[in-house]
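A short worksheet on the structure shown next.
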């Protein structure tokens with residue numbers, strides 16, 4: 001006789017869930033560090049020192065300034081979390097462990113690592129630029145505007161979770177992977193601005209605040225929208241799209257590595273423009 005009682009834990013989902021929880025923990029650490037000190041970077045440096053790893057980390061990265069070392073550590077932890085987020089879905093599919101609970105867990109982790117974390121980092125960076133005097137005093141509101149990122153992330157993640165749980169197809173997608181800028185891109189964008197600021201030793205590049213303003217205003221709008229965004233899920237379905245993905249990756253990485261801080265910003269801005277641009281040049285057919 002078949003039992004209708006509650007099922008036991010799905011152990012096949014454990015590897016994917018551990019990756020998702022690592023993403024959640026990394027995002028929580030970034031939130032804590034960004035909110036702990038007015039000067040972004042000191043809190044992760046102090047945390048490293050408390051566990052005896054500050055000097056080894058500074059030796060590994062070749063920096064002699066604690067704050068720069070702290071920024072580098074915060075960025076490393078954040079990007080490790082995002083890598084886990086990139087892998088957890090693929091691991092779940094390979095283990096045959098996809099399900100509504102995993103989708104909900106992933107959405108909650110992304111809300112922290114790709115919603116709260118970029119909002120906190122964004123506010124801290126805008127406050128830094130205001131204190132440095134590179135941002136006009138009349139733009140005081142820009143220091144709190146990055147909070148729009150977490151609101152937009154909550155909106156689109158709720159939509160993603162609803163579709164995942166109901167099994168509905170998103171009619172907006174066509175051959176694209178996302179309708180609206182994906183939430184993890186917010187972490188990539190603000191993390192990229194931290195990286196660009198690091199390459200300016202945390203004091204130069206006064207123009208970076210314009211990119212921060214873009215990330216606090218246009219980015220949340222794009223996240224809440226249904227603009228088509230090309231991702232990296234549908235490999236092998238059509239050669240043209242595979243070539244387009246590879247071309248963008250090569251171009252963005254080259255720009256970011258060789259173009260200095262400005263190249264990093266241009267590479268970041270190119271992603272949300274890439275999907276709509278490819279749609280103009282290559283009309284969609286349902287699949």
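The values are calculated or read from the model by the stated rules, or taken from the named source; none is laboratory data. For clarity, every value in this text was computed on a predicted model and none was experimentally measured. Please note: Cβ atoms are built from the backbone with ideal geometry, for glycine as well, and neighbour counts cover all protein chains shown.
Quick look at the values:
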{"read-out": "Condition check for residue 109: out of contact with any strand residue (DSSP E or B) (no Cβ under 9 Å at 6 or more places or on another chain) and under 20 Å from residue 212 (Cα atoms)", "value": "no"}
{"read-out": "Number of the exception - residue 45 against (1) buried (at least 16 other Cβ atoms within 10 Å of the Cβ); (2) closer than 20 Å to residue 187 by Cα", "value": "(2)"}
{"read-out": "Output for the range 64-97, where each listed residue is surrounded by 14 or more Cβ atoms within 10 Å (Cβ to Cβ) and farther than 23 Å from residue 30 by Cβ", "value": "92, 95, 97"}
{"read-out": "Hits in the range 175-208 (condition: modelled with pLDDT of 85 or more, assigned to a loop (DSSP other than H, G, I, E, B) and in contact with a helix residue (DSSP H, G or I) (Cβ under 6 Å, 6 or more places away or on another chain))", "value": "181, 183"}
{"read-out": "Unique match (being touching a helix residue (DSSP H, G or I) at 6+ places or on another chain (Cβ under 6 Å) and at pLDDT 90 or above) among 266, 214, 262", "value": "266"}
{"read-out": "Residues within the range 108-138 that are at pLDDT below 90 and surrounded by 24 or more Cβ atoms within 10 Å (Cβ to Cβ), tallied", "value": "0"}
{"read-out": "Residue that is nearest to the chain's Cα centre (by Cα) [pool: residues in the range 199-216 that are over 13 Å from residue 122 (Cα atoms) and surrounded by 18 or more Cβ atoms within 10 Å (Cβ to Cβ)]", "value": "202"}
{"read-out": "Complete set of residues in the range 217-256 that are surrounded by fewer than 15 Cβ atoms within 10 Å (Cβ to Cβ), at pLDDT below 85 and assigned to a helix (DSSP H, G or I)", "value": "239, 240, 242, 243"}
{"read-out": "Condition met for residue 275 (at pLDDT below 80, over 16 Å from residue 114 (Cβ atoms) and either in contact with a strand residue (DSSP E or B) (Cβ under 7 Å, 6 or more places away or on another chain) or surrounded by 15 or more Cβ atoms within 10 Å (Cβ to Cβ) (or both))", "value": "yes"}
